[in-house]
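Reading through the structure tokens given below for one structure.
What follows draws every value from the coordinates through simple rules; no lab data is involved. In this text, all values refer to a predicted model and were calculated from it rather than measured experimentally. Cβ sites come from the backbone with ideal geometry, for glycine too, and all protein chains shown count toward neighbours.
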Amino acid sequence: MSCKLYVERSPRVAARKLGDEVMIMSGLDSTLFTLDEVATIIWEAADGSIPLEEIVDSKICAQFEVERGEALLDATELVQGLAGHGILLLSSEPVIMPNSPRKAGQ
Amino acid sequence: MSGLMQEMSAKALQLGVPLSVQIDLTYRCNERCVHCYLDHDDHGEMSTAEIKNLLGDLASAGVLFLTLSGGEILLRKDFFEILEYARALAFCVKLKSNAILIRASEAERIRSLSVDSIQVSIYSHRPEVHDAITKVPGSLKRSLDAIRFLKVQGLKVIVADVLMQQNTQDYPSVRALAAELGAEFTLDPTITPKMDGDRSILRLNVRQVALQKVFRDESLIGNVEEFCSLPAKADEEDLEALPCSAGHTACYVSPYGDVYPCVQFPLPSGNVRRTRFVDIWRHSDALKEVRSIRLRDLPTCSGCTHVTGCTRCPGLAYMEGNMRGPSIQDCEKSFARTGIPSANLLSKAAPVQGLVQIQTLSSCGTIS
């Protein structure tokens with residue numbers, strides 16, 4: 001990737017952690033999704049202020065025995081897929097977070 | 001229910017998580033429906049701050065599906081403040097309303113808050129019937145106008161029709177009207193006794209013959225032969241099943257903070273004004289008792305031919321006096337469906353009454 005990718009949870013979804021997974025109801029079509037443990041880590045960190053590669057370094061590579069390039073590739077594919085369902089918002093710039101009580105799915 | 005939803009429900013059950021909660025924000029209402037089970041006077045509703053505090057607790061407890069109902073939810077001046085707060089906590093919010101206070105601007109605001117769905121009660125396509133049930137002249141027109149406003153916003157609307165003697169013939173037309181409006185349709189023949197125990201409104205229930213007709217309406221229930229056949233004989237595993245999700249993965253909170261297993265199961269289990277929701281959920285003796293009950297523990301029903309196919313509601317049984325007992329309304333429903341009397345009906349050796357009830361039907365016009 002040549003530029004940084006910032007990921008933010010969409011305010012249009014409903015989400016809640018259930019055990020080590022996150023359940024997400026898409027705001028687009030009420031489809032229910034679940035995220036596995038690794039995807040949940042990315043979801044929880046997706047506040048729009050940290051680049052994806054930093055999330056992968058600090059949260060994925062630090063916890064799992066995985067090669068960085070492969071982890072980043074998988075994470076990019078994952079967030080693009082979730083963005084396609086309206087679950088995550090992607091940006092090349094950090095998102096300035098307004099003050100809000102949002103604790104999406106955490 | 002989708003496979004994933006079933007999986008999540010099973011996981012929630014295993015983890016003791018209340019996946020779905022209904023809060024009635026108020027019992028006040030701008031309609032006076034003849035079949036309503038509520039006392040519409042305000043006996044001290046929770047304040048905005050109390051409700052926000054409760055919503056925070058529910059989110060922490062793991063609740064995903066939040067139904068806001070009443071009474072009429074839009075009679076609360078803080079309704080949109082509560083809704084906004086609930087969405088900020090990432091609940092999947094479902095609303096139940098008569099919608100007569102919803103105009104274009106309210107519909108737009110509801111849409112902007114990404115509400116999952118809104119259920120609107122429509123009792124007939126004929127104003128003279130609908131308005132006589134709600135006792136509000138012009139209410140059908142206003143509710144239908146509201147549905148149009150909501151649909152313009154692209155919202156999912158569910159038309160909920162309660163079947164009773166006044167409107168028995170009208171449900172096919174209400175269903176057609178819902179389709180024309182782009183709304184889903186659900187038919188509910190359950191008239192619930194009043195919360196204070198008064199059962200007089202049960203006289204509004206449809207008659208056995210009318211219910212038999214509904215159960216044989218192929219367009220509504222699908223395969224009639226399958227739907228109306230007797231269930232297979234219960235085995236040991238069947239008898240280990242839970243009666244329903246109330247108190248297991250679902251719960252209800254009244255406008256006064258009272259916690260019950262379900263809106264239709266008014267077993268006092270605690271009050272969020274005195275005890276945090278999560279502590280009630282985990283430690284209430286009443287909820288523990290509800291959770292301990294399996295089909296095998298039901299003295300009459302466990303031996304009944306209908307036990308695995310019956311939609312027995314523990315709440316209705318409770319309102320009859322025993323949460324482990326049969327619910328006569330469901331016995332009569334099983335009878336209407338199959339023509340075979342239940343163990344309860346046989347033990348009473350009484351002729352089947354002219355009054356029947358069946359439980360909630362799922363959306364899309366099918367009976368769950």
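With n ≥ 4 as the cut-off for DSSP H runs, can you work out [θ] at 222 nm for chain B, using -39500 (n - 2.57) per run divided by the number of residues, rounded to the nearest 500?
The per-residue figure over chain B is -10500 deg cm²/dmol.
So if I take the centroid of the Cα atoms in the stretch B:140-168 and the same for the stretch B:82-135, what is the distance between those two points in Å?
9 Å
Taking the Cα centre of chain B as origin, work out the dipole magnitude from +1 charges on Lys and Arg Cβ and -1 charges on Asp and Glu Cβ, in debye rounded to 20.
Around 300 debye, computed over chain B.
Which of B:His248, A:His85, B:His130 has the fewest other C-beta atoms within 10 Å, and how do the rest follow up to the most?
Placing the least packed residue first, the sequence is A:His85, B:His248, B:His130.
Just how large is the dipole of the stretch B:201-347 about the Cα centre, in debye to the nearest 20, putting +1 at every Lys and Arg Cβ and -1 at every Asp and Glu Cβ?
540 debye
Using the basic label-point model (7 angstrom from Cα toward the beta carbon), what is the B:Lys348 to A:Asp29 distance in nanometres?
The answer from the label model is 4.7 nm.
Work out how much length B:Leu113 to B:Arg32 would gain on full extension: take 0.36 nm times their residue separation and subtract the Cα-Cα distance, in nm to one decimal.
Gain on stretching B:Leu113 to B:Arg32: 26.3 nm.
Assuming R0 = 41 Å, what is the FRET efficiency of B:Lys233 and B:Ala179, from their Cβ-Cβ distance, to the nearest 0.05?
My answer for the efficiency is 0.55.
Take the Cα gyration tensor of the protein assembly as shown, multiply each eigenvalue by 5, square-root it, and list the three semi-axes largest first, rounded to whole angstrom.
Here the semi-axes work out to 41, 27, 22 Å.
How well do other chains shield peptide A:7-18, expressed as the mean number of their Cβ atoms within 10 Å of each residue Cβ?
So the per-residue partner count for this stretch is 5.
Please turn the phi angles of the stretch B:3-17 into ³J(HN,Hα) values with the Karplus equation 6.51 cos²θ - 1.76 cosθ + 1.60 (θ = phi - 60°), one per residue in order, whole Hz, x for glycine and proline.
x, 5, 5, 4, 4, 5, 5, 5, 5, 4, 4, 5, 8, x, 9
Rounded to the nearest 0.05, what FRET efficiency is calculated for B:Met5 and A:Ile96 with R0 set to 60 Å and r the Cβ-Cβ distance?
Efficiency, from the Cβ-Cβ distance: 0.95.
So for B:Ser219, B:Ser121, fewest C-beta neighbours within 10 Å to most, what's the order?
Ascending number of Cβ neighbours within 10 Å: B:Ser219, B:Ser121.
Please say if the stretch B:277-316 is rounded, prolate or oblate, where rounded means a/c under 1.5 for a ≥ b ≥ c the square roots of the C-alpha gyration tensor eigenvalues, and otherwise the choice is prolate for a/b larger than b/c and oblate otherwise?
In terms of gyration-tensor shape, prolate.
Note down the net charge around B:Leu295, summing +1 for each Lys or Arg and -1 for each Asp or Glu among other residues with Cβ under 12 Å from its Cβ.
Net charge around B:Leu295: -2.
The stretch B:219-260 to the stretch B:1-27: how many Å between their Cα centroids?
14 Å
Classify the stretch B:1-147 as rounded, prolate or oblate from the Cα gyration tensor: take a ≥ b ≥ c as the square roots of its eigenvalues, call it rounded if a/c is under 1.5, otherwise prolate when a/b beats b/c and oblate if not.
Prolate.
Mind putting a number on the dipole of chain A about its Cα centre? Charges go on the C-beta only, +1 for Lys and Arg and -1 for Asp and Glu, and I need it in Debye to the nearest 20.
600 debye
Apply the a/c threshold of 1.5 to the C-alpha gyration tensor of chain B and tell me whether it is rounded, prolate or oblate.
Oblate, since a/c reaches 1.5 and b/c is not below a/b.
Identify the GluC sites (Glu not before Pro) of the stretch B:193-301 meeting these criteria: DSSP loop state and at most 15 other C-beta atoms within 10 Å of the C-beta.
B:Glu240
Per-residue mean of other chain beta-carbon atoms within 10 angstrom of the beta-carbon, peptide B:6-19?
2
Based only on other Cβ atoms within 10 Å, what is the fewest-to-most ordering of B:Leu230, B:Leu19?
B:Leu230, B:Leu19
Choose one of B:Val263, B:Gly44, A:Leu35: the residue whose Cα lies farthest towards the positive end of the charge dipole of the protein assembly as shown (beta-carbon charges +1 Lys, Arg; -1 Asp, Glu; about the Cα centre).
B:Gly44
Which whole number gives the average, over all residues in A:19-31, of C-beta atoms from other chains lying within 10 Å of the residue C-beta?
4
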